[in-house]
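The values are calculated or read from the model by the stated rules, or taken from the named source; none is laboratory data. Everything numeric here is computed off the predicted structure, so don't read it as measured data. No Cβ is skipped: glycine too gets one built from the backbone with ideal geometry, and neighbour counts run over all protein chains shown. Note: areas computed on protein heavy atoms with side chains; ligands, DNA, RNA excluded. Shrake-Rupley method; radii C 1.70, N 1.55, O 1.52, S 1.80 Å.
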Amino acid sequence: MSGALMFIAATLPFLWQGLMMTLFVSFAVVALSLVAGVVVGVGFAYGPWWLRLPLRAFSDIMRGTPLLVVIFTIYYLLPFVGVNLQPLPSVLLALTLFKTAHVGEIARGAVQSIAAGQTDAGKAIGLTFTQRLAYVILPQAVRRFLPPWINSVTDAVKGSALVSLVGIVDLMLAAQQVIGRTYEPLPIYLLAAGMYFVINYSLSSLSRRLEARFAYIRE
């Protein structure tokens, strides 16, 4: 038992560095895609046809393409058009574009679920579109937006494991490097899986609490 604890203690510093990269990538992608996704969702719901058309094409292409293909396309295609990005910015861009398409659909559904009478009431008291959006629509839509969005955050954490394919040392690649030195794959993979589980289980628990709370509010 003491030997196993010593082994875990010796490998944790290497895995910890990878875990920090995983958390950084996940946080950056979630934050960027949240802002961009809400803008896309509002564009879907209220934009003119010439705006909705490219947004729909972007959303359908991104959601219909495997994430791995998106990462490799961004990583290998940009240098051909004269844009030379380091691996980390490239995968951040790819993951953000991919998640923005999904968050945009969540935001669109949340915004469009608000009754048209709410918008009409805002117009009746003289609110501008921006004011109606900020004070009437979004505060109500956020109740429907948060639970599915939290679930999408767990997908972002799991998707961040693919950054190792372009040489970024995240938790998964750090685990593989440790295995290459210790030749002990099972305990290392179990330890890495435990870290992923703790992160995603915490997010899933938060999602369930939000669903219960906002379901109560709606009643």
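Each of F27 and A115 was given a label point 7 Å from its Cα along the Cα-to-Cβ line. The distance between the two points is 4.1 nm. Principal semi-axes of the equivalent ellipsoid, √(5λ) from the alpha carbon gyration tensor of the range 156-210, are 25, 14, 5 Å from largest down. Once the Cα-Cα distance is subtracted from the 0.36 nm per residue extended length, the V198 to R213 segment shows a gain of 3.1 nm. Packing around the peptides 27-38, 114-125, taken as the average count of other Cβ atoms within 10 Å per residue, puts them in this order, highest first: 27-38, 114-125. Computed over protein heavy atoms with a 1.4 Å probe, the accessible surface of the range 66-173 works out to 48 Å² per residue.
Ordering L133, V70, H102 by Cα displacement along the dipole of the range 42-167 toward the positive end leaves L133 in first place; charges were set at the Cβ atoms of Lys, Arg (+1) and Asp, Glu (-1). Coupling constants for the range 27-38 follow from the phi torsions by the Karplus curve (6.51 cos²θ - 1.76 cosθ + 1.60, θ = phi - 60°), and in residue order they are 5, 4, 5, 5, 5, 5, 5, 5, 5, 5, x, 5 Hz; glycine and proline get x. Tally Lys/Arg at +1 and Asp/Glu at -1 over every other residue whose Cβ is under 13 Å from the Cβ of V157; what's the total? Within the 13 Å Cβ shell, the charges total 0. Using a Förster distance of 35 angstrom, determine the FRET efficiency expected from the C-beta separation of Y183 and V35, and round it to 0.05. With a Förster radius of 35 Å, E is 0.20.
Across the range 68-85, rounded Karplus estimates of 3J(HN,Hα) from the backbone phi angles (6.51 cos²θ - 1.76 cosθ + 1.60, θ = phi - 60°) give 4, 5, 4, 4, 5, 5, 5, 5, 9, 7, 4, x, 5, 9, x, 10, 9, 10 Hz, Gly and Pro being marked x.
Placing +1 on the Cβ of every Lys and Arg and -1 on the Cβ of every Asp and Glu, with no other charges, gives the chain a dipole of roughly 560 debye about its Cα centre.
Length available on full extension from L88 to R56: 0.36 nm per residue minus the Cα-Cα distance, which gives 8.8 nm. When Rg and the Kirkwood radius Rh are both evaluated on Cα atoms of the range 61-133, their ratio Rg/Rh stands at 1.26. Share of carbon and sulfur in the accessible area of the chain stands at 70%, probe radius 1.4 Å. Applying a DSSP loop filter and a limit of 14 other Cβ atoms within 10 Å to the chymotrypsin sites (Phe, Trp or Tyr not before Pro) in the range 137-191 leaves Y183. The phi torsions of the range 86-92, fed into the Karplus equation with coefficients 6.51, -1.76 and 1.60 and a -60° offset, translate into couplings of 5, x, 5, x, 5, 6, 4 Hz, rounded to whole numbers, with Gly and Pro shown as x.
Please work out the C-alpha center-to-center distance from the range 21-38 to the range 143-219 and express it in whole Å. What the calculation gives is 13 Å, centre to centre.
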